[in-house]
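The values are calculated or read from the model by the stated rules, or taken from the named source; none is laboratory data. All figures in this text were calculated on a predicted structure; none of them were measured in a lab. Every residue, glycine as well, gets a Cβ built from its backbone with ideal geometry; the counts of neighbours run over all protein chains shown.
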Amino acid sequence: MNQFEFLRYVNLGQYLPTGSWIHRLDVRVRILAAVFLLLSLTLTGRPVALMIALMGLLALLSLARVPWAYALRNLLPPLPFLLLLAVLQVFFNPRPLVTDTLIFQWHWVSVSMASLLAGVTLLLRFSALILTLSLATYCISTSEMIHGLEALLSPLQRVGVPARMFVMMVQVMLRFLPFLALAAERIAKAQASRGAQWGSRRGSLIQRARQVIPLLVPLFLTGLHRAENLALAMETRGYDGESAHTSLFAAHFSWRDALAVMVVLMFSVVLLLV
Amino acid sequence: MYKKVNSTASVEIDIITDYIISELYRVIFVHSILLWSYFCFSSHTKETEEGKMKTVSALIEIENLSFQYPAGGAEPMRALRNVSLRIEAGEYVALIGANGSGKTTLARHLNALLLPSAGTVRVEGMDTRDPHHQRRIRSIVGMVMQYPEDQIVATSVEDDVAFGPQNLGLAVDEIRRRIEDSLKAVGMWELRHRPPYLLSAGQIQRVALAGILAMRPRCIVFDEATSMLDPLGRRTVLNLIDQLHHEGITIITVTHFMNEAARAGRVVVLHQGRVVMDDEPEKVFSHVQELEEMGLGLPATVQTVQALKAVSLNLPGGLLRVDDLIRALPDYTGGKTPDVELSPPKSHSLSTQSALVEVRGLEHTYLSGTPLAQRALEGVDFHLAEGSAHGILGSTGSGKSTLLQHLNGLLLPQAGYVRVGSFLLHQKDVDLQSVRCFAGLVFQFPETQFFEQYVGDEIAYGLRLLKRTKEQIRADVRWAMEIVGLDFECYKDRLTFTLSGGESRKVALASILALRPRLLLLDEPLAGLDPLSRRELLTKLKRLQREGLTVVLSSHHMEEVAELTDELTVFHHGKDVMRGGVREVFDRVDELRAFGLEPPVAVRVAAALRQRGWHLPPGLIRPRELAVQIEHLLVRSSYESV
């Protein structure tokens, strides 16, 4: 594994154009569906609901013609952290309820039914959230995302909320991230070739923290410099933040889209009620 | 009956009608003449009026423009002083000048990105200071900038091109049509759904150009738009510029490359914020002395022409493009070809020396195991003799940088054998820090990686990490600074961000040299510098190499490579496709072209001369060598004919 491949950690643009039924839905529907799912997954507290959600997500992955193995691979990198959190949750549940059934106790370490459930819930919830986000990135390309957001938020513009500005910010951020990752990679390499030790775990914490300064200062400066150039380029092309602007978004809302929205909405409500 | 009775009367009537009719004719005739002359006259006056309009307001009109950048506290820096220029519609103007001469500042005044401190700039008669005109002005004068990726707004090519027309508030159908037209014009239509970070610099620059074209400007300013591109990308953009100019779009190009300036119809030279020359390129480039003093050079073609004329080869005037020069080359007329053995200019004999670097079967894939996986090196072999200067050529993404990064252990081989000095990099337990000190790598645009406030600290960074003593650090920093030509006392306490382009490049070089590497790896060391700094740094590098440092250099500029290196490796799609002495490789013109490279002008001229019967030895890569050989030939043939 290469210690300098920062782009590896940027998970954007993993759009998979499989041309499935889901991909052909109105992009607003896809965004709304993702939002509904994320909200219900965050708000629900029951392992049963989360199990149902996971099964629903796997079904959606099949519908989107994304191989399960490919999607599930996204769970691997955060898995150690999740397991650690779950274990902490299970063993060090701060306040076992009186009604709780104790399964195991050793000195101040205790495992109760409730803490076990809490651990499982945590694992399931994060897995479901990660899968939802992956599904969304597989099915919504960044440019569709921008168009969709613009269409969804444009009514707010009339109320005086600077929706267009917000969408522009998201857009610039999305397109800047990969380039910033590349810049960080280049800077880290340059400092390493001047003797800095990247990736090596030697040295005290302070020493390692000090290694970051030679990375952050140039990254910050490059970022500023680029932002300035970008602002100039945008001005050159007639952007001034306020005046009229044509949207390229062509709405094609059909009965299928309506159906999809209804289904997802109902699914989310069910998750909350179970 | 009736008629006869009134015969006299009828005659009278006839006479009267005749009179009336003739009178009518006369009136009609006179009036038509009057009308005709009126139309002629009026259209004539209209024409002269239009002519007057043209002479009154040019496309861009700059009067006594001065500009100073606001500087907090310090004395304001005057970037432009009393500049007056008129640019007519349809012109092709090149703006040249050393770093800090005000070129970019001037360019940014042309579409109201900057507003004058004094004087006026008018575009189609509209003052750029008037905020109501700014949007209109920016749709008339478009601009393509130096850093390709900084101009991209959107997350896909298509959306990015739409950005300008969207801001103009055009209808959706019209925008779609313009996206198609402009992407097709720059040859990027097939890649319209790509995210920009998966494109090469040359491709992104074409997208940026398409984004401007979609606004249908009358004038496009190219601000060092080719400086970040490889030879192929540069040639493509330059050809596009020519094509746009033929279609009637006014072109203004700001450039450090004299070759590019020579393509324009008019060259404006800026020096310390003033216009010092404004003429046809032919005339501007005849002021050799003045240009030299301002830190500018001559186009390679003009240099070659001068060298050839110096040995009294017959050439017409006004040769600015290589193709024109090649067409104008004379046939060999001096008697029969002398039957003498050809002696190519001497190269270093390299095979006898021990190899400092040995690479066999090197493989590398970026982002392996992801959908973005990209094969960068495929079974690469590479040998480097101690004390040699090796050039690496190839287009962007051909694997040059990847190889360089393997030579100092930034990247570790995924497969293959890599030996650098006594370090075996394909083995797991190699001491990477020692490798990186042994082989110092200077990155492209190293000054963007500065993080210390003072020059001295910046150079000492690596030494401090190596835990050297204070005295030793001081001595090493001093040594490195003197080597690159920066006075230690004078520069060690300078603030890094106040350095000029050439100075910061020297600091970056010194910060690597301070670690005393045996092998110096340079990735595009001269990119983005003005001709004067280029020349200075090239001299320094040559001296280092003569003193025994082994140098590997990757570059897009063939003239630099011809100056500095004695061996070449050419990369193409991750493979080492050509290898050998610099003279031999450059002589294989057709192969180089197939890999998107263009050999130096002198090589191309030599090849053309050989075709015309000149009996020139192989391996002529510099104008002077070529001239010397031609002189030999002319002298010898005249001697033989006597």
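Listed here are the residues, each with its yes/no results for (1) outside any helix (DSSP H, G or I); (2) over 15 Å from B:Ile512 (Cβ atoms).
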residue: B:Gln444; (1), (2): yes, no
residue: B:Gly462; (1), (2): no, no
residue: B:Arg474; (1), (2): no, yes
residue: B:Ala480; (1), (2): no, no
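Results for (1) crowded, with 16+ Cβ neighbours inside 10 Å; (2) more than 7 Å from every other protein chain (Cβ to nearest Cβ); (3) not acidic (Asp, Glu), shown as yes or no for each residue.
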position	(1), (2), (3)
A:Leu216	no, yes, yes
A:Ala227	no, yes, yes
A:Ala231	no, yes, yes
A:Glu235	yes, no, no
A:Val264	yes, yes, yes
A:Leu271	yes, yes, yes
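Once segment B:228-265 is narrowed to residues that are charged (D, E, K, R) and buried (at least 18 other Cβ atoms within 10 Å of the Cβ), the residue that is nearest to B:Ala89 (Cα to Cα) is B:Arg263.
Restricting attention to segment B:488-539, the residues that are within 16 Å of B:Glu563 (Cα to Cα), aliphatic (A, V, I, L, M) and not in a loop (DSSP other than H, G, I, E, B) add up to 4.
Taken together, B:Gln405, B:Gln427 contain a single residue that is within 14 Å of another protein chain (Cβ to nearest Cβ) and either without any contact (Cβ under 8 Å) to a residue 12 or more places away in the chain or not hydrophobic (A, V, I, L, M, F, W, C) (or both), which is B:Gln405. Note on segment A:139-166: residues that are within 11 Å of another protein chain (Cβ to nearest Cβ) and over 17 Å from the mean Cα position of the chain (by Cα) total 3. When A:Arg73 is tested against (1) within 14 Å of A:Tyr138 (Cβ to Cβ); (2) among the charged types (D, E, K, R); (3) touching a helix residue (DSSP H, G or I) at 6+ places or on another chain (Cβ under 8 Å), exactly one condition is not met: (3).
Name the helices (runs of 4 or more DSSP H) wholly within segment B:561-642 that hold at least 1 residues that are touching a strand residue (DSSP E or B) at 6+ places or on another chain (Cβ under 6 Å), surrounded by fewer than 19 Cβ atoms within 10 Å (Cβ to Cβ) and not acidic (Asp, Glu)? Give the derivation first.
Working: elements: B:582-587, B:589-594, B:601-611, B:623-641.
Of the helices (runs of 4 or more DSSP H) lying wholly inside segment B:561-642, none has at least 1 residues that are touching a strand residue (DSSP E or B) at 6+ places or on another chain (Cβ under 6 Å), surrounded by fewer than 19 Cβ atoms within 10 Å (Cβ to Cβ) and not acidic (Asp, Glu).
Of the residues screened, B:Arg216 is one that is at positive phi and surrounded by fewer than 19 Cβ atoms within 10 Å (Cβ to Cβ). Is segment B:441-458 home to any residue that is small (Gly, Ala, Ser) and at pLDDT below 90? Checked segment B:441-458: no residue is small (Gly, Ala, Ser) and at pLDDT below 90. Scanning segment B:126-167 for residues that are farther than 29 Å from A:Gly223 by Cβ and within 30 Å of the chain's Cα centre (by Cα), we see that the one that is nearest to the other protein chains (Cβ to nearest Cβ) is B:Ser139.
Of the set (1) surrounded by fewer than 17 Cβ atoms within 10 Å (Cβ to Cβ); (2) more than 10 Å from chain B (Cβ to nearest Cβ); (3) at pLDDT 80 or above, all apply to A:Leu182 but (2).
Can you work out which of the residues in segment B:422-440 that are of a type in the set (S, T, N, Q) and part of a helix (DSSP H, G or I) is modelled with the lowest pLDDT?
Let us first name the residues in segment B:422-440 that are of a type in the set (S, T, N, Q), namely B:422, B:427, B:433-434.
From what's left, part of a helix (DSSP H, G or I): B:433-434.
Numbers: B:Gln433: 84, B:Ser434: 88.
Ranking the candidates gives B:Gln433 first.
Just so you know, in segment B:287-306 the residues that are touching a residue at least 60 places away in the same chain (Cβ under 8 Å) and of a type in the set (A, V, I, L, M) include one that is nearest to B:Leu626 (Cα to Cα), and it is B:Ala300. Of all residues in segment B:153-201, those satisfying the criterion of being crowded, with 23+ Cβ neighbours inside 10 Å, outside any loop (DSSP other than H, G, I, E, B) and among the small types (Gly, Ala, Ser) are B:Ala162, B:Gly164, B:Ser182.
Close Cβ contacts (under 8 Å, 6 or more residues apart or on different chains) running from residues in segment B:255-276 that are without any contact (Cβ under 8 Å) to a residue 24 or more places away in the chain to residues that are in a helix (DSSP H, G or I) and of a type outside the set (A, V, I, L, M) comprise B:Val276/B:Glu290.
Of the candidates B:Ala185, B:Ala94, the single residue that is in contact with a helix residue (DSSP H, G or I) (Cβ under 9 Å, 6 or more places away or on another chain), away from every other protein chain (no Cβ under 14 Å), touching a residue at least 12 places away in the same chain (Cβ under 8 Å) and farther than 17 Å from B:Arg216 by Cα is B:Ala94. Look at segment A:258-274: where a residue is farther than 13 Å from A:Leu41 by Cα and a partner is among the hydrophobic types (A, V, I, L, M, F, W, C) and surrounded by 15 or more Cβ atoms within 10 Å (Cβ to Cβ), sitting 6+ places away or on another chain with Cβ atoms under 6 Å, you get A:Ala260/A:Leu25; A:Ala260/A:Val29; A:Val261/A:Val29. Considered as a group, the residues in segment B:321-336 that are under 22 Å from the mean Cα position of the chain (by Cα) and either on the phi > 0 side of the Ramachandran plot or not β-branched (Val, Ile, Thr) (or both) include one that is modelled with the highest pLDDT, and that residue is B:Leu325.
Can you confirm whether A:His245 is more than 7 Å from every other protein chain (Cβ to nearest Cβ) and at pLDDT below 85? Even if it seems obvious, please write down each step before you answer.
Values: more than 7 Å from every other protein chain (Cβ to nearest Cβ): no; at pLDDT below 85: yes.
When the stated conditions are applied, A:His245 does not pass them.
For segment B:237-280, residues that are in a loop (DSSP other than H, G, I, E, B) and more than 18 Å from B:Pro531 (Cα to Cα) total 6. Taking the numbered list (1) without any contact (Cβ under 8 Å) to a residue 60 or more places away in the chain; (2) in contact with an Asp or Glu (Cβ under 9 Å, 6 or more places away or on another chain) in turn, B:Cys490 passes all entries but (2).
Only one of A:Ala136, A:Ala128, A:Ala190 is within 11 Å of chain B (Cβ to nearest Cβ) and either of a type outside the set (S, T, N, Q) or on the phi < 0 side of the Ramachandran plot (or both); which?
On the way: A:Ala136 fails: within 11 Å of chain B (Cβ to nearest Cβ); A:Ala128 fails: within 11 Å of chain B (Cβ to nearest Cβ).
Criteria check complete, one pass: A:Ala190.
Of all the listed residues (B:Met215, B:Met228), the sole one being part of a loop (DSSP other than H, G, I, E, B) and touching a Phe, Trp or Tyr at 6+ places or on another chain (Cβ under 7 Å) is B:Met228.
Residue by residue, here is whether (1) modelled with pLDDT of 90 or more; (2) within 28 Å of B:Glu536 (Cα to Cα) holds:
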| site | (1), (2) |
| --- | --- |
| B:Glu559 | no, yes |
| B:Asp576 | yes, no |
| B:Gly581 | yes, yes |
| B:Ala602 | yes, yes |
| B:Arg612 | no, no |
| B:Gly619 | no, yes |
